[in-house]
Amino acid sequence: MTFAWYAHLRNMSAKPWWVAALASWGIALFEYMLQVPANRIGYQVMSLSQLKILQEVLTLTVFVPFAVLYMREPVKLDYLWAGLCILGAVYFIFRA
C-alpha cells in the first residue's frame, strides 16, 4: 500500500490528481487481493489486535526503505523512535 499511496507524489506530480488516483487504485486493488486472504488466514491463529499491530510493523518496515531509497527522503532519528514505539506495541499485544 505504501507504493499505491505515495509513489504518485514522485512519479505523477505533473498529472491531474484523478490520474494518480486511478493508478493508485489499480495498485491497491492488487495488494488488497493479497491482503484480504492473508487476514482471513491470520485471523485463525491471531487476534484482531495482533493482526493490526503486525500490519503496522510491516508498514513501517516497508515505509522506511521506501522513503529513503525511492522518495529520497533523509534518514531521520524519528524512524528509530517510531520503530521502538511499535516494538513496545508488539510486546503488549503479543504477551501472554
> Just to be sure, is Tyr70 in contact with a Lys or Arg (Cβ under 8 Å, 6 or more places away or on another chain) and aromatic (Phe, Trp, Tyr)?
Replying inline: yes
> So which of Ile27, Ile86 is within 16 Å of the chain's Cα centre (by Cα), modelled with pLDDT under 90 and either surrounded by 10 or more Cβ atoms within 10 Å (Cβ to Cβ) or in the same structural domain as Met12 (by TED's automatic domain parsing) (or both)?
Replying inline: Ile27
> Would you pick out the residues in segment 24-47 that are closer than 16 Å to Arg95 by Cβ and aliphatic (A, V, I, L, M)?
Replying inline: Met46
> Taking into account only those residues within segment 53-73 that are under 11 Å from the mean Cα position of the chain (by Cα) and free of Cβ contacts under 8 Å to residues at least 12 places away in the same chain, which is nearest to Gly42 (Cα to Cα)?
Replying inline: Gln55
> Before we move on, is Val36 modelled with pLDDT of 90 or more and outside any helix (DSSP H, G or I)?
Replying inline: no
> (1) hydrophobic (A, V, I, L, M, F, W, C); (2) over 22 Å from Val90 (Cβ atoms); (3) more than 11 Å from the chain's Cα centre (by Cα): which one isn't true of Ala4, the others all being true?
Replying inline: (3)
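The values are calculated or read from the model by the stated rules, or taken from the named source; none is laboratory data. Note that this is a predicted model, so its numbers are computed, not measured. Cβ: placed from backbone, ideal geometry, glycine included. Neighbour counts: every protein chain shown.
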